Amino acid sequence: MKIRFFVSALFALLLPITARAAEDVVFADFEGTDYAGWTAAGTAFGSEPAQGTLPGQMAVEGFAGRGLVNSFHNGDKGTGRLTSPEFKIERRWVGFLIGGGGFAEKTCVNLLVGGKVVRTATGPNVKPGGSERLERGSWEVAELAGKTARMEIVDEATGGWGHVNVDQIVFTDAKPPQAPGLVKKEIAITQRYLHFPVKTGAAKHKVRVVVDGKVERMFDIELAEEKADWLAPLDAGAWQGRTVTVEVDRLTDDSGAWALMTQAATPQGQEGLYSEPLRPQLHFSPARGWTNDPNGCVYFGGEYHLFFQHNPYGWAWGNMTWGHAVSPDLLHWREMGDVLHEDAFGPMFSGSAVVDARNTSGFGSAGKPPLVLLYTAAGHPTVQCAASSTDGRTFAKYSGNPVVKEFTDGNRDPKVIWHEPTHRWVMVLYVGREKKHTVQILTSPNLRDWTPASVVDGGMAPDSFLYECPDFFELPVNGDAKTRKWVLLGANSEYVVGRFDGTTFTPETGKLPGQQGRNFYAPQTFSDEPKGRRVQIGWMQAATPGMPFNQCMSVPMELGLVSTEDGPRMTRKPVAEWDALSGEVRSGGTPQLLPGAANPFAGVEIDHAEVRIGGIVTAGTTVVLDVRGTPVTWNADTQELTVGPVKTKAPLAKGRLDLHVIVDRSTIEVFTSGGLVYVPLAVLPAAGNKTLSLKVEGAAGAGAQLDLALARLLQPVWPGK
Ligand code: FRU
């Protein structure tokens, strides 16, 4: 029954050895057939170390050798205490492995001096789930040097996780490596931005920023522990002069990540912002992090507002937050910082914004109509909530949230409009119902109290549509304001045209095809557009690998509705503001192009630009453009357009071919057929490929007489550029 002392050669090799460091002492490894001098009392410990997992227990892992102390004898019900022989403290540190219950004083290992507990540690688990893995623990005990001590392992808990596992108790002079765990650090906020270092692909951690006991931010982050790919600036302005607690799970106290969490008055690490190699120069993208859906597109306070699904802390989707940008002209955006952060209702999913001009909500004040955001909080349940602002800068969540309770799990994306004839608000909401996609229509007098009005059935897969992000608006037919039709549109941009009486939508068409390209999703139209237009902007699913940001928005487009032989169809063209973008024009002349003719754009180099080709094309001719390596062709016989891998019907408009191509560093968009055809596509032109070429192909007699052939090398839309 002697305490076994021996040197752990391996341990000594792995740890830095100082000249005066004494050898490590393995005080207890619980490898024997009895407790080797330790005294067991009660029912939890049995009479000898366990050989791993006990009956009825989840698999126990992470212990050293074959044996360990496992107080799951008699399950969680068993209680008791295992006490060591006396020893003298002669090393700076006590290291051990511990797992099981996480209850202070109830499932723990203690160090006792003079019968008093001077150090204690518990396992990690306090609620169902969790893990039976043992992790490293340690105590620094230098101040207790020379004292006589005992250790005890306590199991006084009987409910779930009412047991403790301990192994490999070592006395050492070298600080034992720390087990990653939940680390909490107090940080005095002295500057507006607290940065979090991101390294794409690094281990993910859960972070919480707690201020005065309230969780103000919670997010997952691939945390850089050495060199960051980029810094995520967290606006801590509201807590300046206070101390916040930053909690990070699965991290060590001495991780390099802590030193990288720097503060500064402005976002750091943004040298070259908006000049990054794959940064779209003509499209909105977030300064840092990921975006998907456009949200809350609205004109308010003399400017356009674009909110957007934002992951401020990572390159991929996650941590859904509402970012915010403003623009005078829908093209030059200035990012204003995030406005809706995850809360107890869940992450902030998509939604919309309206100007409550009559202050029906009461969120405004005299002469100050509120801007109201309606958004999805995607927790369990998933609910719809409201937030408001009177200055278009600071937003407050409504204290009576949620405003719409869950219909079915995953219901989301409220789009709200004012319905003048019935004088009330109308919301369209995506609701999945028994494998069907449906749009729930609700009405409200005040944006706070919502009443279900009717349901539009989007059908069953694979023919279903109206999946996510519905949009609902009226459009004049053929530009005639007196004949108006309602359009109900889903995330994939397919739509139906019909009538709406304020309660029920009556379709007058079947499902109509949306845009003809790829990578365009969840578009949203602007509310309160001052020019009375319907302006749509969509998410371009265009990845930008290696960049500190990811994805972008489409060009903003004005929508129309025209009668065709096939019935009413939606048209799109870049908003008129687009034409006012400044840029240098490179003319290709107005050539008669014959097969074999020279490229009229010879010598023209483009990076981000628009290209316009228009004129009369003879039968038997294919017009072939090469736009930075993406072929764009139109065939006069088949009346088909191809853009890279995409092929679509593209009839002539009034007998003319008109191609409007917008190329950027991660996208290409082609408009033609009088706006009936819009082909968006994610492309990554090679950085060095600045080609613009034009030719026609066909047999003798083929050709085109162009009256428009130009490229505009546009100025970037970013601030300071
Ligand atoms: C569409 C979507 C929405 C949801 C959001 C979450 O892309 O799935 O339905 O609200 O993205 O980011």
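Arrange the peptides 555-566, 606-617 so that the one whose residues have, on average, the most other Cβ atoms within 10 Å appears first.
Packing order, densest peptide first, comes out as 606-617, 555-566.
Would you please give the FRET efficiency between Met336 and Thr53, computed as 1/(1 + (r/R0)^6) with r the Cβ-Cβ distance and R0 = 51 Å, to the nearest 0.05?
0.40
For the range 472-526, what relative contact order do you get, as a whole percent, if you take Cα pairs closer than 8 Å and at least 6 residues apart?
The normalised contact order for the range 472-526 reaches 26 percent.
Can you give the % of DSSP beta bridges in the chain that are antiparallel, to the nearest 5?
So the antiparallel bridges amount to about 95 percent of the total.
Between the alpha-carbon centers of the range 530-586 and the range 160-197, tell me the distance in whole angstrom.
50 Å
Give me the Debye-computed log₁₀ of I(q)/I(0) at q = 0.16, 0.18, 0.23 Å⁻¹ for the range 531-625, equal point scatterers on Cα only, no solvent, two decimals.
Listed by q, the Debye log ratios stand at -1.08, -1.16, -1.19.
Answer rounded, prolate or oblate for the range 552-701, using the Cα gyration tensor with square roots of eigenvalues a ≥ b ≥ c: rounded when a/c is under 1.5, else prolate when a/b is larger than b/c, else oblate.
oblate
Net charge around Val154, counting only other residues with Cβ within less than 10 Å of its Cβ (Lys, Arg = +1; Asp, Glu = -1)?
With Lys, Arg at +1 and Asp, Glu at -1, the net is -2.
Pull up all non-local amide H partners of Gly458: gap of 5 or more, or a different chain, and H-to-H distance under 5 Å with H placed in the peptide plane.
When sequence neighbours closer than 5 places are left aside, the close amide H contacts are His437, Thr438, Val439.
Calculate the spin-label point distance for Lys654 paired with Ala265, positioning each point 7 Å from the Cα along the beta-carbon direction, and give it in nanometres.
The modelled label-to-label distance comes out at 5.7 nm.
Taking a threshold of 21 Å on the Cα-Cα distance, which of the pairs Lys649/Lys690; Lys436/Lys573; Lys485/Lys511; Lys185/Lys206; Lys106/Lys184 fall above it?
The pairs that break the limit, which is 21 Å between Cα atoms, are Lys649/Lys690; Lys436/Lys573; Lys106/Lys184.
If a/c stays under 1.5 just call it rounded; otherwise compare a/b with b/c (prolate if a/b is bigger, oblate if not). Do that for the range 179-320, with a ≥ b ≥ c from the square roots of the Cα gyration tensor eigenvalues.
Verdict is prolate for the range 179-320.
First compute the accessible area of the range 489-555 with a 1.4 Å probe, then give the percent of it belonging to carbon and sulfur atoms.
Carbon with sulfur: 47 percent of the solvent-accessible area.
If the chain between Ala576 and Asp391 were fully stretched, how many nm would it gain, using 0.36 nm times the residue separation less the Cα-Cα distance?
The Ala576-Asp391 span can extend by a further 63.9 nm.
Only sites in a loop by DSSP and with at most 13 other Cβ atoms within 10 Å count here; which trypsin sites (Lys or Arg not before Pro) in the range 60-154 make the cut?
Arg66
How big is Rg to Rh over the range 21-168, alpha-carbon atoms, Rh as the Kirkwood inverse-mean-distance radius?
Ratio value, two decimals: 0.95.
Taking the Cα centre of the chain as origin, sum charge times position over the Cβ atoms of Lys and Arg (+1) and Asp and Glu (-1), and report the length of that vector in debye to the nearest 20.
It works out to roughly 500 debye.
Among the trypsin sites (Lys or Arg not before Pro) within the range 398-492, which fall in a DSSP loop and have no more than 12 other Cβ atoms within 10 Å of their own Cβ?
Listed in order of number, the matching sites are Lys405, Lys435.
Placing one identical point scatterer on every Cα of the chain and ignoring solvent, what is log10 I(q)/I(0) from the Debye formula at q = 0.07, 0.08, 0.09, 0.11 Å⁻¹?
Values returned for q = 0.07, 0.08, 0.09, 0.11 Å⁻¹ are -0.64, -0.77, -0.89, -1.11.
Using θ = phi - 60° and the Karplus curve 6.51 cos²θ - 1.76 cosθ + 1.60, what whole-Hz ³J(HN,Hα) does each residue of the range 411-427 get, with Gly and Pro shown as x?
4, 6, 6, x, 10, 10, 9, 8, 9, 4, x, 9, 6, 7, 7, 10, 10
Pulled fully out, how much extra length does the chain show between His380 and Glu303, if you take 0.36 nm times their separation in residues and subtract their Cα-Cα distance?
Difference between extended and current length: 24.2 nm.
Taking the range 196-243, which trypsin sites (Lys or Arg not before Pro) meet the DSSP loop condition and have no more than 10 other C-beta atoms within 10 Å?
Lys227
Scan around Phe196 for amide H atoms under 5 Å from its own, H built in the peptide plane at 1.01 Å from N, and keep only partners 5 or more places away or cross-chain.
Placed amide hydrogens put Ala232, Leu234 under 5 Å from Phe196.
So for the chain, averaging the separation of alpha carbon pairs under 8 Å that are six or more residues apart and normalising by length, what relative contact order in percent results?
8 percent
Which whole-number percent gives the relative contact order of the range 349-411, counting Cα pairs below 8 Å spaced six or more residues apart?
27 percent
Read phi for every residue in the range 508-520 and hand back ³J(HN,Hα) as whole Hz from Karplus 6.51 cos²θ - 1.76 cosθ + 1.60, θ = phi - 60°, with x for Gly and Pro.
10, 10, x, 5, 10, x, x, 4, 9, x, 9, 6, 10
Radius of gyration and Dmax for the range 345-431's Cα atoms, expressed in Å?
So, for the range 345-431, Rg and Dmax equal 12.9, 39 Å respectively.
Shape verdict for the range 110-177, please, from the Cα gyration tensor: rounded (a/c under 1.5), prolate (a/b greater than b/c) or oblate.
oblate
The values are calculated or read from the model by the stated rules, or taken from the named source; none is laboratory data. Predicted, not measured: the structure shown is a model, and the values here were computed from it. Cβ sites come from the backbone with ideal geometry, for glycine too, and all protein chains shown count toward neighbours. To get the accessible areas, we keep the full protein, side chains included, count just its heavy atoms, and leave off ligands, DNA and RNA. Shrake-Rupley method; radii C 1.70, N 1.55, O 1.52, S 1.80 Å.
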